[in-house]
Amino acid sequence: MSATLTAPDHGDIAEETPGRVPAFARPAGFSLWLLITGAVGALASFLLLYERVQLWNDPEHITACDVNPWVSCGEVMQSWQASTFGFPNIFVGVVAFPVLIFAAVALWAVRGQMPRWYYAGLQAGALFAFGFITWLWYSAVYSIGVLCPYCMIVWAAVIPFFVVTTARNVIHGVIPSSEGMKKVARDWWWVAVIVLYLLVFASILLNFTEAFTYAF
């Protein structure tokens with residue numbers, strides 16, 4: 001009588017040689033990306049929370065990022081989009097980004113040896129975060145017409161979190177993909193980050209021309 005042992009599915013492609021897996025998709029590199037984006041997002045979220053509390057205490061409070069009529073955290077906080085789920089969006093960031101930091105530390109501690117569902121959960125979180133900030137970006141630029149600097153820091157953190165997580169999961173087979181897609185993820189992930197940043201910048205430049213004229 002014999003028993004067959006199967007290795008747990010960690011969502012990694014063990015057959016890939018280290019040279020074929022880029023640094024960002026290896027356990028240490030991926031953990032570092034999660035840690036950095038989580039820390040940046042958490043910092044911006046807690047700054048927003050502080051300003052939101054000040055506004056609750058004093059409706060006349062001028063936030064640290066109230067720069068001019070086109071750049072004002074306080075103005076954006078008064079919009080309905082700032083409470084999408086019936087409570088301030090700030091609370092989503094205050095909870096989610098520390099969780100991301102914890103996920104980064106946990107991954108680093110076990111050298112990435114987490115089950116596939118763990119990476120799938122990270123992917124779901126990244127997809128939700130990216131979809132949410134895309135809608136918030138659209139609302140700020142095309143609907144509210146006012147920019148929130150701290151909110152834009154959150155956007156800046158979520159973009160690489162989404163791209164790096166997606167690319168990592170494509171490379172390691174968590175997201176079923178062809179070899180061609182894996183090669184694109186390995187070689188061009190950084191281009192996706194830059195393109196998304198440029199699209200956001202271009203939309204702001206084109207829709208806030210008056211603000212730039214006012215500033216200079």
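See the values below:
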| quantity | calculated |
| --- | --- |
| Those residues of the stretch 120-156 which are aliphatic (A, V, I, L, M), within 16 Å of Tyr197 (Cα to Cα) and more than 14 Å from the chain's Cα centre (by Cα), in sequence order | Ala140, Val141, Leu147 |
| Any hit, the stretch 189-211, residues being without any contact (Cβ under 8 Å) to a residue 24 or more places away in the chain and surrounded by 19 or more Cβ atoms within 10 Å (Cβ to Cβ) | no |
| Residue that is under 29 Å from Leu49 (Cα atoms), modelled with pLDDT of 95 or more and out of contact with any Gly (no Cβ under 8 Å at 6 or more places or on another chain), where the choices are Leu205, Leu199 | Leu199 |
| Scan of the stretch 138-180 for residues that are crowded, with 17+ Cβ neighbours inside 10 Å, among the polar types (S, T, N, Q) and within 23 Å of Gln123 (Cβ to Cβ), ordered by number | Thr165, Thr166, Asn169 |
| Per-region count, the stretch 49-74, residues part of a helix (DSSP H, G or I) and either in contact with a helix residue (DSSP H, G or I) (Cβ under 8 Å, 6 or more places away or on another chain) or β-branched (Val, Ile, Thr) (or both) | 7 |
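Condition check ((1) surrounded by 15 or more Cβ atoms within 10 Å (Cβ to Cβ); (2) under 14 Å from the mean Cα position of the chain (by Cα); (3) among the aliphatic types (A, V, I, L, M)) across all residues:
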site	(1), (2), (3)
Trp70	yes, no, no
Phe102	no, no, no
Leu107	yes, no, yes
Tyr118	yes, no, no
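The values are calculated or read from the model by the stated rules, or taken from the named source; none is laboratory data. Nothing here was measured: the structure is a model prediction, and the numbers come from that model. Heads up, the Cβs are rebuilt from the backbone with ideal geometry, glycines too, and the neighbour counts pull from every protein chain shown.
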